[in-house]
Every structure is written in structure tokens, then in C-alpha cells.
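Scroll down for the structure; my scribbles are underneath it.
The values are calculated or read from the model by the stated rules, or taken from the named source; none is laboratory data. A quick note: this is a predicted structure, and the numbers were derived from the prediction, not measured. Here the Cβ is made from the backbone with ideal geometry for all residues, glycine too, and neighbour counts use every protein chain on show.
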Amino acid sequence: MKVVKKETANMSDKKMTSSRRHHLKSLMLQIAASMMEKEKKELAVAKQAYMAEKCPAPNLSGDQSALMETCKKLHALIDAVDEERYDLEAKVGKADKEIDDLKIKVVDLAGVKKPALKKVRMSADAMLKALLGSKHTVNMDLRANLKQVKKEVKEEPAEAVGDWRKNIEDKADRKKMFETA
């Protein structure tokens, strides 16, 4: 039994093969296609039921006055539907305008976000041309305007580097000054 458990654990760790994945994908697509067909049929049936309820077939039998009455009723129904459609269009237009206004308010409240700027290497000449346009004709070679400076090497006097015993007498005098005070 322990061996069987290890084998099943190893099976779950393995990746799915491409043929298995392709087979499962095609099955899912077939199921989705059948569901879409079923939904289309249900929608057609619902539409037929709605039309039968709202627009019953007119009775065309009878004399001319009955037909005229039927036509007047149909015109009244058409007018009612047109009014309802117009009202709904007005409501939708008003809602769209309100949505646009709210989007503008959201943008105003959030503030304008600055886009991330890219670092661009530009020479001084290119920068001045971009800022001043065609007015800029002078080349700005900043290094050409610099003065040439020669580096002077200072030679330190030999006394500073010399023997420490030469200045010992001067330091002894200073020591005496502090001791007497």
C-alpha cells in the first residue's frame, strides 16, 4: 500500500502532456459551443413568447369598419411603443452624460498624474536647439571656453623634513616658559 501512495503522489507532480491538454481544451470548447447553442434557442423562445404576449395577431376578418378599428388600435400601440422608446433613450442619454461628468470629476479629484519620464542624454547644443528652436546658432562647447591651467608641484623645504634634533633647543625654551609660570 505504501508503494501505491508514492506512485500516485509522483503522478500528481508530473506535468500534463500536450496531447492531454489539447484534448481537454477541445472538450471545453465543445461544451461551451453546445451551451451557446442552447442559450440561443432559449433566447429565441423567450422572444417569441414576449412577442405573442405584447403583440397578438390582429383579427383581419370582418367588414371595413372592423378593419379600420383594428388599424387605429395598432397605431395607438405603435405610438405607445414609440413614446416608451423615446423615454428610454432620454434616460440612457441622461445616464451617459452623468457617467461622463462623474468620470471627469474622478480625474479632477485624483489630479493629473505625471507620466514617467525617460532619461535622455542630450548635449548642450541639442538642449538649446530644443528650447530656442532655430534661433540657436552658437555652439556651446563648454570645455573650449575653459582656461588651461598648469599644475605646479610645490617643493617643500628640506628643513621641515630634516632632523628633529635641530629644533630641540627652541622647544626646550618653550618648555621652560610653561614650567616657570
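Listing for the model above:
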| quantity | calculated |
| --- | --- |
| Meets criteria (on the phi > 0 side of the Ramachandran plot and part of a loop (DSSP other than H, G, I, E, B)) for Gly62 | yes |
| Candidates Met68, Met51, Met35 - the one that is at pLDDT 90 or above and in a helix (DSSP H, G or I) | Met35 |
| Yes/no for Glu83 being surrounded by fewer than 10 Cβ atoms within 10 Å (Cβ to Cβ) and either over 38 Å from the mean Cα position of the chain (by Cα) or modelled with pLDDT under 70 (or both) | no |
